[in-house]
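Worksheet for the structure shown next.
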Amino acid sequence: MKYTFIACWLFFFLAQVPLLPQAKYHGTNSGGYALPLLFEENRGQLGEGILFKGQGRDNTVFFMKDRVILQFTRKTGQDTTKLQYYNISIVFLNPSGKLTISGKKKSASRANYYLSNNPEEWVEDVPSFSEILYKNIQDGIDIIYRFEKNKLKSDIIVHPGGDVRQFRYRVEGVDSLRINNDSSLAFISRYDTIRERIPLAYQLLGNDTCDVNIKYQLFDNNSYSMIPGKYDNNETLYIDPEFSTFFGGPGTGANASAMNEWGEVAVLGGTNSFVPLKNPVQNSVVIGPDSGKKGEADLFIAKFGAD
């Protein structure tokens, strides 16, 4: 009945003429409409301490004040309905007291969470963004997170006076770190190996783009930093790393969708990532004919603008 409750709300949602006039039903499918990769703000629908969430096809990223959590999904054994979740946390060591975290490049997309049959617990009109800015993660250093070609990227901006050599990360949820022969950084766990390629580093000096050599440096089994070569400390330094194996596909697939004459789309879908919702309608839903097999799918209703 809980599953039906959410589905019924989708049809109620689509039927609202002021919201989606002349909506055309596109039917159900298995991921026929790929949701865009955006960062959703926590307005009370997620667990405490989470500020933003990014949702991929099989993986999720959570943004907190002192860390970014990469959550991975894997199937276990021959039972394809049984999923296992594991997290890798990238912790910022000694963040600045001036740190502020905000969403940038606001999208027209909105999401609604109907977490129970009590309207007071509903969370509606949740905004999404294309970028997350950690401003002053350390004095003179900002980090911008974004998706590019289905991969999570972080642009590190070192302003004049900032010292990226003093900025360190600690990685939790892995067995060890390793610098590969190609100078990329590997996060090694019992489940998988995640690779962060060697960053691009450069400065804009006048009309020229000047490359700066940079490398990873390990401090112990689970902490590292980025060490640049010689550069002009009076000019901004840009560092561009990338998690090359994190988001391997488009956003979560939709099971039903409708589009109006303005190109706005409303969708009903689900995700297999374990998203810590606040008071969720269901913690699991039945998968397949065997009622004894349950998954960790979360249902959602979302509206996306034409952009």
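Worth a mention:
- Packing rank of 167-173, 216-222, where each peptide gets the mean count of other beta carbons within 10 Å, highest leading: 167-173, 216-222
- The gain in end-to-end length when the Thr193 to Leu93 segment is fully stretched comes to 33.7 nm, 0.36 nm per residue minus the alpha carbon separation.
- Peptides 38-46, 197-205, ordered by how many other C-beta atoms sit within 10 Å of their residues on average, highest first, read 38-46, 197-205.
- Pairwise label distance in nanometres, Lys106 with Lys149, each label 7 Å out on the Cα-Cβ vector: 3.2
- Percent carbon-and-sulfur accessible area, the range 97-172, ignoring ligands, DNA and RNA, probe 1.4 Å: 42
- Average accessible area per residue (Å²) across the range 117-202 - probe 1.4 Å, nucleic acids and ligands excluded: 47
- Listed residue pairs exceeding 26 Å between alpha carbons, taken from Lys65/Lys105; Lys53/Lys230; Lys104/Lys230; Lys98/Lys153; Lys106/Lys135; Lys65/Lys151: Lys53/Lys230; Lys104/Lys230
- On the basis of the beta-carbon distance and an R0 of 30 Å, Asp211 and Ser176 show a calculated FRET efficiency of 0.50.
The values are calculated or read from the model by the stated rules, or taken from the named source; none is laboratory data. All of these numbers come straight from a predicted model, not from anything done at the bench. Counting neighbours? That spans all protein chains shown, and the Cβs are built from the backbone with ideal geometry, glycine included. Heavy atoms of the whole protein, side chains included, go into the accessibility calculation; ligands, DNA and RNA do not. Shrake-Rupley method; radii C 1.70, N 1.55, O 1.52, S 1.80 Å.
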